[in-house]
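The values are calculated or read from the model by the stated rules, or taken from the named source; none is laboratory data. What you see is a predicted model; the values in this text were computed from it and never measured. Don't worry about glycine lacking a Cβ; one is built from the backbone with ideal geometry, like all the others, and counts go over all protein chains shown. The protein model used for the area step is the full one, side chains on, heavy atoms only, and it has no ligands, DNA or RNA in it. Shrake-Rupley method; radii C 1.70, N 1.55, O 1.52, S 1.80 Å.
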Amino acid sequence: MEVALTIVRHGETMFNKKRIIQGQGIDTPLSDEGLRQARAAGDFLADIAFTHVYSSDLQRALQTAEAILERNKRSCAHKIEVDSRLRERSYGLAEGKPVEELRAMARAVGQACPEYNPPGAENLQQLKQRVLEFFHSLCDSLAPVQFCSGELPLTINGNVSSTRKPQTVESMSSTTSSTTQTEISPLETGSLHQAESQNEGPGGDLGAEVLVVSHGGTIRQWIQHLVHDLSCAIPPGTHSRLNVVSPNTGLSRFLLVLPGGGRPPTSILCIYLHHRQHLQDKDSLTVPL
């Protein structure tokens, strides 16, 4: 089964803007700028007919997922699945402190971020294991779905949030037509239209369209696993971006072939990595976790 996976980092919070580490212990909402970013990401993804939507349970991610779906014109997903495994890395005693203080703590013991573990923090191996548990359960749970049409309520933990009217979609090319016509920033390689139209799977039809909204450090570990452990092909010239934290509402999109039976993907292709053209404010490009 062929699956499209779109991974989005949450929008900006005031702690992001002030470069203060949030981790898991500080659960702040989106700022006005973060809401603008989330809506812009939603506009960019408006014509993708998502069949499954997952979000971290921290409110900055959940608000971003809500905003994206509220702008979506075609999504069949009527429920945001909240999963704590998508949370940001726990930074222990460093949470609530400026990024510069974390770096100073690391230097004091002869280490560099992000490998340094503040007291009480989650180490990178623990973070990776948590991400892999989510990814494996996602792959195991996906089955070909009937892309739907009609009026559907959007619910979060059983609460109705809004109502949308998605349209029927049959293939990758139709789900990405408006998205892929967008001009790509200089940091993107090639065209989204060319990438998706030339690299969709052999049949051209998708079994599922998955949206996941998570956090910078978590997404970084996930993408590194896809590339380094599962040999995911990425666009030329983007290797230097594997180790960076995605900007707020940065978008990464993948095509996966799932053999079923609980087995890992047999093929993974990255269409774009940390795409950010929908962000107009350059100050949004560098933010802490």
If you take the residues in the stretch 4-16 that are open to solvent by less than 10 Å² (accessible area, probe 1.4 Å) and in contact with a Pro (Cβ under 8 Å, 6 or more places away or on another chain), which one is nearest to H274 (Cα to Cα)? R9
Scan the stretch 114-129 for residues that are among the acidic types (D, E) and open to solvent by 40 Å² or more (accessible area, probe 1.4 Å) and report the count. 1
Matching option when the condition is of a type in the set (A, V, I, L, M, F, W, C), over 18 Å from the mean Cα position of the chain (by Cα) and part of a loop (DSSP other than H, G, I, E, B), among I26, I48: I26
For the stretch 17-24, indicate whether the set of residues that are in contact with a helix residue (DSSP H, G or I) (Cβ under 9 Å, 6 or more places away or on another chain), buried (at least 19 other Cβ atoms within 10 Å of the Cβ), closer than 28 Å to I271 by Cα and of a type in the set (V, I, T) is non-empty. no
I'd like to verify a number: residues in the stretch 74-101 that are out of contact with any Pro (no Cβ under 7 Å at 6 or more places or on another chain), in contact (Cβ under 8 Å) with a residue 24 or more places away in the chain and either of a type outside the set (A, V, I, L, M, F, W, C) or open to solvent by less than 30 Å² (accessible area, probe 1.4 Å) (or both), how many? 17
Need the failing condition index for Y54 against (1) in a loop (DSSP other than H, G, I, E, B); (2) open to solvent by 10 Å² or more (accessible area, probe 1.4 Å); (3) hydroxyl-bearing (S, T, Y), just the number. (1)
For the stretch 102-118, which residues satisfy the criterion of being without any contact (Cβ under 8 Å) to a residue 12 or more places away in the chain and farther than 16 Å from G216 by Cα? R103, A104, A106, R107, A108, V109, G110, Q111, A112
Taking the stretch 217-243 and keeping only residues that are acidic (D, E) and in contact with a Gly (Cβ under 7 Å, 6 or more places away or on another chain), one is left with none
Failed condition for L102, given (1) out of contact with any strand residue (DSSP E or B) (no Cβ under 9 Å at 6 or more places or on another chain); (2) part of a loop (DSSP other than H, G, I, E, B), with all others met? (2)
